[in-house]
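Notes follow once the structure below has been shown.
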């Protein structure tokens, strides 16, 4: 409420032509109008992003209100140093963490566990279906998994090249459960000898590394991004891609299926050509059946007549047919045969 000033007046009778001036509040002076300073439209080399929020990594400095919101009890709250958006470059949202190499690798790695808890938070829309909380502020990335997070290392003169490399390796190993997907052994298809599978990144954060010197020297469009798990410096689209996900496995499986179909078609063509060749060849002349040895007793075939039951016939001797062998077995033995037994004749 503005402060009221009172002015003293005389108690004499007022003039009828001019009424006395009544005391009242004075007008407060209007504050000076604030004008926005001129905007610097110059951008760094190769830049195509606009900044959503920014706050330096200075202890005690307030963060930007455009950073990620916190959850109940501040258990999964994260505060990104910067949030960049470039939909025209295929990057709807990118969370940035600036590391000046002043804190331990364990402290830096613990931040990404908070990111993972924040990205897992769900909220219900008026229709009752659940959706991630971060989608209420930022658009979808159109990729499997959570939004990407990049760490911009700014070692300055405090950390040498080898120490910076060791720091990046330590952070990558400490955050393996955050950025590595889950492996699914899908096999190579029916009848395939090789085993194949894919990694699912539905609950993984694409974690990228870069340095401030690389960004200032080459720009963000060059191969200055190191995706954890890829093992090489890549451009941003290649770093955000998942070459071993379900889509890549499906493409490999489709290629194997087409190769099996081509091999099966080629085999069918070879079989058809072989059948055609066989149909053009003349039928082979049947071989003459070997002549049967005649029986010494009846001069018939030694194998016996067609359809003769050989179950009750004596064993073959190579000289007589089954009928003759039966007749000879039924004859009365001679005195010598009765005394010494019948002697089997050799063939």
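None of the figures in this text is laboratory data; all of them are computed from the coordinates on show. Quick caveat: nothing in here was measured; it's all calculated off a predicted structure. Here the Cβ positions follow ideal geometry from the backbone for every residue, glycine too, while neighbour counts run over all protein chains shown.
Work out how much length residue 238 to residue 186 would gain on full extension: take 0.36 nm times their residue separation and subtract the Cα-Cα distance, in nm to one decimal.
16.3 nm
Tell me, 180, 123 in order of fewest to most beta-carbon neighbours within 10 Å?
With the sparsest Cβ surroundings first, the list reads 123, 180.
Hey, fewest Cβ within 10 Å first, where do 339, 150 land in order?
Ordered by Cβ neighbours within 10 Å, fewest first: 339, 150.
Please state, to two decimals, what the Cα-based radius of gyration of the stretch 237-326 comes to when divided by 2.2 N^0.38 Å (N = residues).
In units of the 2.2 N^0.38 Å rule of thumb, it is 2.73.
Give, as ranges by residue number, the residues of the stretch 92-128 whose backbone N falls under 17 Å from the point 7 Å along Cα→Cβ of residue 169.
In the stretch 92-128, the label zone of residue 169 (backbone N under 17 Å from the point 7 Å along Cα→Cβ) covers 105-106.
Please give the residues of the stretch 91-135, grouped as numeric ranges, whose backbone N is less than 16 Å from a label point set 7 Å along the Cα-to-Cβ vector of residue 202.
120-122, 130-132
Would you mind ranking 157, 211 so that the residue whose beta carbon has the fewest other beta carbons within 10 Å leads the list?
Listing 157, 211 from fewest to most nearby Cβ atoms yields 157, 211.
Grab the beta carbon distance between residue 157 and residue 137, set R0 = 51 Å, and tell me the FRET efficiency rounded to 0.05.
0.85
Using 7 Å Cα-to-Cβ label points, what is the residue 303/residue 212 separation (nm, one decimal)?
Between residue 303 and residue 212, the simple spin-label model gives 10.2 nm.
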